[in-house]
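Student: Pasting in a structure now, in structure tokens, and then I'll have a few things to ask.
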Amino acid sequence: MKQKKDSRIEWIGEMPEDWELIKIGSIFKCRNEKVNDTDYPPLSVTRNGIVPQMENVAKTDANDNRKMVKVNDFVINSRSDRKQSCGVSDLDGSVSLINTVLYTENTDVIIPEFTNLILKNYGFAEEFYRWGHGIVADLWTTRWQEMKSIVLPIPPIYIQNRIVRVLNKKISTAETLIANHCAQIEKLKEYKQAVITEAVTKGLDHTVPMKDSGIKWIGEIPESWQIEKIKFNTSNRIEKSNGQNFQYIGLENIESFTGKFVETGNAYEVTEANVAYKGDVLFGKLRPYLAKAFIAIKDIFVSGEFAIFCSDKIFNGFLRYYLLSYGFLDSVNASTYGTKMPRASVDFIKNCFIVLPPMVEQQQVADYLDKKCADIDSLISIKQQKIEKLQEYKKSLIYEYVTGKKEVA
């Protein structure tokens, strides 16, 4: 085991004795050539590295006011709310001016693969943020003038190559496991939606006589069930706030498919909002494929992006699950207007058909789905926890190798 020395830099701590401490500005230069995105294709700076910009990404009109990026350049978003959005580029292209583009001619000091590891690890990300300036956290920026003074722990080139080989293998193994868990989560979500669709269109007793619903995606339904339009069995509540002091719920506060409340930490000062009362069923009109449907458990203020339904003819739990079924979501998604921000029309939703069992059966279906979906959600949660642990493992692993806490043979 090699002797260690104190770097006297908090984020680095102890490092091997034969490693050097070198300022970024002594290794890298800042690339500031202005180009247009016709000659140099637009790139996005993401947590997954530097990638071609997708067509549906919101773009500015500054087509000629972008920074050039060359292969092996390191690009980092200077804003703190884009923490760890950076990477070594495999492509020539251009990025927005908010990004810092670095290049080096000192390949005998640092190799691109090690650059990608040392400048993307969470320890450096926190240090990068610490050197910044700004008024509030989400406008906090670290520019080249500050960045160039940050010190990096730099091992000899042969050690860099070994670290890259070891980490590539270990990270690849972890990412394969993560991908497997993600695939299993997607299958569980598909299974859950299939269970919902089956229950709200076929019921729980598969021995009862069936009849044709007359609607292609629904197919046959139990003989005692009816088919009617949603608007004949619900009221669409449209009521503005009138001095009440209710909690505000936005689309971002509702988890897709589960309907669970998610605390975002954002504070809202609501001067005008829609009112939903306890027991109302709400459905997200913006990007309806996200399947944000929930039942209000108390009186609340809500975003205008929710359609609010109340009914004494449909059990609210059954209505919510019906709004999450495959066919209903597919129909609504196909009806949306707006390309970048697709929205569903409340009138279209109200004119959709709904399958109506007797009220007792509606409650039975909802109770069954509450339990079944909770079981599936529990399995999904276990998979998500495993993914989080693997992500933490990756994060710690990279930090420990690039700062010399772990040694390579």
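Student: Relative contact order of the chain, please, whole-number percent, based on alpha carbon pairs below 8 angstrom and at least 6 residues apart.
Tutor: 16
Student: Give me the percent relative contact order of region 318-409, please, defined on Cα pairs under 8 angstrom at least 6 residues apart.
Tutor: 19
Student: Given R₀ = 56 Å, FRET efficiency for GLN247-ASP92 by Cβ-Cβ distance, to 0.05?
Tutor: Working: r = 50 Å, r/R0 = 0.89.
Calculated transfer efficiency: 0.65.
Student: Report the calculated FRET efficiency for ASN65 and ALA194 (r = Cβ-Cβ distance, R0 = 51 Å), to the nearest 0.05.
Tutor: It comes out at approximately 0.55.
Student: How far is helix 157-202 tilted, in degrees, relative to the longest principal axis of the Cα atoms in the chain, given as a value from 0 to 90 rounded to the nearest 10?
Tutor: Here the helix axis deviates by roughly 0 degrees.
Student: Taking a ≥ b ≥ c as the square roots of the Cα gyration tensor eigenvalues, with a/c under 1.5 meaning rounded and otherwise prolate when a/b beats b/c, else oblate, which class fits region 112-248?
Tutor: In terms of gyration-tensor shape, oblate.
Student: In whole angstrom, note down how far apart the Cα centers of region 122-195 and region 1-18 are.
Tutor: 22
Student: In addition: Tell me the per residue accessible area of the chain using a 1.4 Å probe; a whole number in Å² is fine.
Tutor: For the chain, the solvent-accessible area averages 53 Å² per residue.
Student: Ok, one more. Tell me which label goes with the value of Cα extents along the principal axes in Å computed from the coordinates here: [x] 71, 59, 50; [y] 66, 53, 38; [z] 80, 45, 43.
Tutor: Evaluating Cα extents along the principal axes in Å on these atoms matches [z].
Student: A further question on this structure: Nearest 10 degrees, 0 to 90: what angle lies between the long axis of helix 326-335 and the longest principal axis of the chain (Cα atoms)?
Tutor: Tilt relative to the chain: about 80 degrees.
Student: Semi-axes of the equivalent ellipsoid of region 1-141: what are they in whole Å, largest first, if each equals the square root of 5 times a C-alpha gyration tensor eigenvalue?
Tutor: Working: eigenvalues 175, 64, 30 Å².
Taking √(5λ) for each Cα gyration eigenvalue gives 30, 18, 12 Å.
Student: For region 73-145, which whole percent of the accessible surface, found with a 1.4 angstrom probe, sits on carbon and sulfur atoms?
Tutor: 52
Student: Per DSSP helix of 4 or more residues, -39500 (n - 2.57); summed, then divided by the residues of the chain. What does that give at 222 nm, rounded to the nearest 500?
Tutor: -11000 deg cm²/dmol
Student: Just need the relative contact order of region 1-95 here, percent rounded to a whole number, with Cα pairs under 8 Å and 6+ apart.
Tutor: 28
Student: Mind pulling up the Rg/Rh value for region 312-361? Radius of gyration and Kirkwood radius, both on Cα. Provide the component values of the computation, followed by the final result.
Tutor: Values: Rg = 12.6 Å, Rh = 12.1 Å.
Using Cα coordinates only, the ratio equals 1.04.
Student: Still on this structure, I have one more. Taking the Cα centre of region 30-128 as origin, work out the dipole magnitude from +1 charges on Lys and Arg Cβ and -1 charges on Asp and Glu Cβ, in debye rounded to 20.
Tutor: Dipole size: approximately 320 debye.
Student: Using alpha carbons only, how many angstrom separate the centre of region 22-39 from the centre of region 288-363?
Tutor: If we compute the Cα centre of each part, the gap is 50 Å.
Student: If you don't mind, another one. Need one number: nm distance between label points at GLU407 and ILE227, each 7 Å from Cα along Cα→Cβ, rounded to one decimal.
Tutor: Spacing of the two 7 Å Cα→Cβ label points: 7.4 nm.
Student: How much length, in nm to one decimal, is gained on full extension between GLN385 and LEU204, taken as 0.36 nm per residue of separation minus their Cα-Cα distance?
Tutor: 61.9 nm
Student: Report, to two decimal places, the Cα Rg of region 355-409 normalised by 2.2 N^0.38 Å (N = number of residues). Numbers along the way, then the final one.
Tutor: Details: Rg = 22.6 Å, N = 55, 2.2 N^0.38 = 10.1 Å.
That works out to 2.24 for region 355-409.
Student: So how much slack lies between LYS2 and ASP370, counting 0.36 nm per residue of separation and subtracting their Cα-Cα distance, in nm?
Tutor: 126.7 nm
The values are calculated or read from the model by the stated rules, or taken from the named source; none is laboratory data. Just so it is clear, the structure is predicted and the values come from calculations on it, not from any experiment. Virtual Cβ from ideal backbone geometry, glycine too; neighbours counted across all protein chains shown. Side chains included, ligands, DNA and RNA excluded: accessible areas come from the protein's heavy atoms. Shrake-Rupley method; radii C 1.70, N 1.55, O 1.52, S 1.80 Å.
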